[in-house]
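Participant: One structure is given below, represented as structure tokens, and several questions about it will come after.
The values are calculated or read from the model by the stated rules, or taken from the named source; none is laboratory data. These numbers were taken from a predicted model, which means no experiment stands behind them. Please note: Cβ atoms are built from the backbone with ideal geometry, for glycine as well, and neighbour counts cover all protein chains shown. Just the protein is used for accessible areas: all its heavy atoms, side chains included, with ligands, DNA and RNA removed. Shrake-Rupley method; radii C 1.70, N 1.55, O 1.52, S 1.80 Å.
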Amino acid sequence: MTVHLHWFLPTGGDGRTLVDRHAYTDGGITRSRTVSGVRAPDIAYLAQIAKAAERLGFEAVLTPTGTWCEDAWLTTVALAQHTERLKFLVAFRPGVVSPVLAAQMAATYQRITRGRLLLNVVTGGDSTEQRRFGDHLDHDRRYARTSEFLSVVRGVWSGQPYDFHGEHYQVEGGLTALPPDPLPEIFFGGSSPAAGPVAAEHADVYLTWGEPPWQVKEKIDWIRRLAEERGREVRFGIRLHTISRDSSREAWATADRLLSDLDTETIAAAQQALGRSESVGQQRMLALHGGGSLERERLEIAPNLWAGVGLVRGGAGTALVGSHADVADRIEEYHDLGVEHFVLSGYPHLEEAYWFGEGVTPELAARGLLPTIPASPLLGVPAANGRPASAPGGAPLLVAGGR
């Protein structure tokens, strides 16, 4: 089992600090302070990230969903015109679109992009956000609806008229005249008792946020058991940030700088907002960092696993921090537990893609965890000192902003 590496598209904005749109309790509708170094998520900038991810050998990029970011379907199909091989892990909420329409959209997307769609199903754990979309179901009923939604999607992908009669959907003769080819893999996450059976029944890849290895193992064992009871196999993925540098000291210095940008007022506001989430996964993230502590000893919750991102960011709140070898060690540790897909990100996303791709990816390839490592187009081009311009160990190519 090899490792599949994916990156992240910051369609809600990017920058050199953790204080971006994720930090605002209203999803970025109003701002009470000016944050420096924030980059707008326009197509030109997102295309830079997508091209970098493709160049560095990432298989796909995840794009989020919500009222605080750009629409994932429209943004990624535009970015597909700027890339050749890169796949797009499109996050969407099943409660706000017809399952038959979603199946048709996926089929069209596959033909437009020549098979580069992956689907990330986000049931939603924040009732305030859900109500912005007109969705008023409670937490557990949202997961029940997601199960029906995915049954319909897979049913109409058969190419034959499909009937479904459930609590949330009534479909008669639903179909996609031209089913997607290949069928998009479905990524799905959820830590609550209501989420487990949905993952076991429908997911191709169960995706968890970056908890310590022993907690991830508990989740894997839980979902694997539920899937086996249904005669299915589910693969596993993890969502993490990364801060990888030529030395551990440099990496932790970067983490410390990100912390130094935060003040207690910002952290308190973010924690208060995140604490209202109904998401069990979000509550597990909040429990990792000690309720707002800025002490590294309390934020390093496992070797090289840092919970500082979760002080102000909802969702994925942990980062792998260390030298390139350190980060590769941790990825290998998760891989040994059964994790196959690694969905990664870092601030800023353009620069951190290069730090990881030029530092950690060769480490993973050397360990046999990657089938191939992309060759740099600069290999063999001599620099002024006679060494290749992209010699191993060199600093990442920085396109905008600082490191």
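Participant: Is it the case, given these coordinates, that residue 188 is among the aromatic types (Phe, Trp, Tyr) and within 19 Å of residue 62 (Cβ to Cβ)?
Facilitator: The answer is yes for residue 188.
Participant: Quick test of your reading of the structure: residue 243 fulfils all but one of (1) closer than 19 Å to residue 331 by Cα; (2) aliphatic (A, V, I, L, M); (3) open to solvent by 30 Å² or more (accessible area, probe 1.4 Å). Name the failing condition by number.
Facilitator: Failed condition: (3).
Participant: Being over 20 Å from residue 18 (Cβ atoms) and either touching a strand residue (DSSP E or B) at 6+ places or on another chain (Cβ under 8 Å) or in contact (Cβ under 8 Å) with a residue 12 or more places away in the chain (or both) narrows it down to one of 330, 284, 245, 239, so name that one. Lay out the reasoning, then the answer.
Facilitator: Values: 284 fails: over 20 Å from residue 18 (Cβ atoms); 245 fails: over 20 Å from residue 18 (Cβ atoms); 239 fails: over 20 Å from residue 18 (Cβ atoms).
Only one candidate passes the filter, namely 330.
Participant: Has the range 93-107 got at least one residue that is under 20 Å from residue 316 (Cβ atoms), touching a helix residue (DSSP H, G or I) at 6+ places or on another chain (Cβ under 9 Å) and without any contact (Cβ under 8 Å) to a residue 60 or more places away in the chain?
Facilitator: Within the range 93-107, one or more residues are under 20 Å from residue 316 (Cβ atoms), touching a helix residue (DSSP H, G or I) at 6+ places or on another chain (Cβ under 9 Å) and without any contact (Cβ under 8 Å) to a residue 60 or more places away in the chain.
Participant: Hey, can you tell me all the residues within the range 209-221 that are under 20 Å from the mean Cα position of the chain (by Cα) and open to solvent by 10 Å² or more (accessible area, probe 1.4 Å)?
Facilitator: 209, 213, 215, 217, 219, listed by residue number.
Participant: Collect the residues in the range 179-202 that are farther than 18 Å from residue 226 by Cβ, open to solvent by 20 Å² or more (accessible area, probe 1.4 Å) and not acidic (Asp, Glu), keeping them in residue-number order. Spell out the reasoning first.
Facilitator: Applying the first criterion (farther than 18 Å from residue 226 by Cβ) to the range 179-202 yields 179-185.
After this cut, where a residue has to be open to solvent by 20 Å² or more (accessible area, probe 1.4 Å) as well, the list is 179, 181-183, 185.
Answer for the range 179-202, where residues must be farther than 18 Å from residue 226 by Cβ, open to solvent by 20 Å² or more (accessible area, probe 1.4 Å) and not acidic (Asp, Glu): 179, 182, 183.
Participant: Determine which member of the set 60, 44 is surrounded by 19 or more Cβ atoms within 10 Å (Cβ to Cβ) and modelled with pLDDT of 65 or more.
Facilitator: 60
Participant: Looking only at the range 222-238, how many residues end up being open to solvent by less than 10 Å² (accessible area, probe 1.4 Å) and under 24 Å from residue 9 (Cα atoms)?
Facilitator: Counting residues in the range 222-238 that are open to solvent by less than 10 Å² (accessible area, probe 1.4 Å) and under 24 Å from residue 9 (Cα atoms) gives 3.
Participant: Pull up the range 63-80, narrow it to residues that are at pLDDT 95 or above and small (Gly, Ala, Ser), then point me to the one that is nearest to residue 117 (Cα to Cα).
Facilitator: Filtering the range 63-80 for residues that are at pLDDT 95 or above and small (Gly, Ala, Ser), the one nearest to residue 117 (Cα to Cα) comes out as 80.
Per-residue answers, yes or no, for (1) at negative phi; (2) of a type in the set (D, E, K, R); (3) open to solvent by 10 Å² or more (accessible area, probe 1.4 Å):
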position: 85; (1), (2), (3): yes, yes, yes
position: 94; (1), (2), (3): yes, no, no
position: 100; (1), (2), (3): yes, no, yes
position: 105; (1), (2), (3): yes, no, yes
position: 110; (1), (2), (3): yes, no, no
position: 121; (1), (2), (3): yes, no, no
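Participant: Okay, next question. For the subset of the range 124-178 comprising residues that are aliphatic (A, V, I, L, M) and over 23 Å from residue 200 (Cα atoms), which member is least open to solvent (accessible area, probe 1.4 Å)?
Facilitator: The extreme case among them is 171.
Participant: I would also like to ask the following. Could you look through the range 248-267, keep only residues that are touching a residue at least 40 places away in the same chain (Cβ under 8 Å) and polar (S, T, N, Q), and pick out the one that is farthest from residue 304 (Cα to Cα)?
Facilitator: Filtering the range 248-267 for residues that are touching a residue at least 40 places away in the same chain (Cβ under 8 Å) and polar (S, T, N, Q), the one farthest from residue 304 (Cα to Cα) comes out as 266.
Participant: Now for a different question. Cβ-Cβ under 8 Å, sequence separation 6+ or interchain: first residue in the range 60-74 and among the aromatic types (Phe, Trp, Tyr), partner open to solvent by 50 Å² or more (accessible area, probe 1.4 Å) and not in a strand (DSSP E or B). Which pairs?
Facilitator: 68/21; 73/105
Participant: Checking the structure you have, find out if any residue of the range 268-275 is in contact (Cβ under 8 Å) with a residue 12 or more places away in the chain and within 22 Å of residue 119 (Cβ to Cβ).
Facilitator: The initial filter retains those residues of the range 268-275 that are in contact (Cβ under 8 Å) with a residue 12 or more places away in the chain, namely 268-274.
Within this subset, residues satisfying the condition of being within 22 Å of residue 119 (Cβ to Cβ) are none.
Scanning the range 268-275 turns up no residue that is in contact (Cβ under 8 Å) with a residue 12 or more places away in the chain and within 22 Å of residue 119 (Cβ to Cβ).
Participant: From (1) touching a Gly at 6+ places or on another chain (Cβ under 9 Å); (2) open to solvent by less than 10 Å² (accessible area, probe 1.4 Å); (3) more than 20 Å from residue 178 (Cα to Cα), pick out the condition that doesn't hold for residue 80.
Facilitator: The number of the failed condition is (1).
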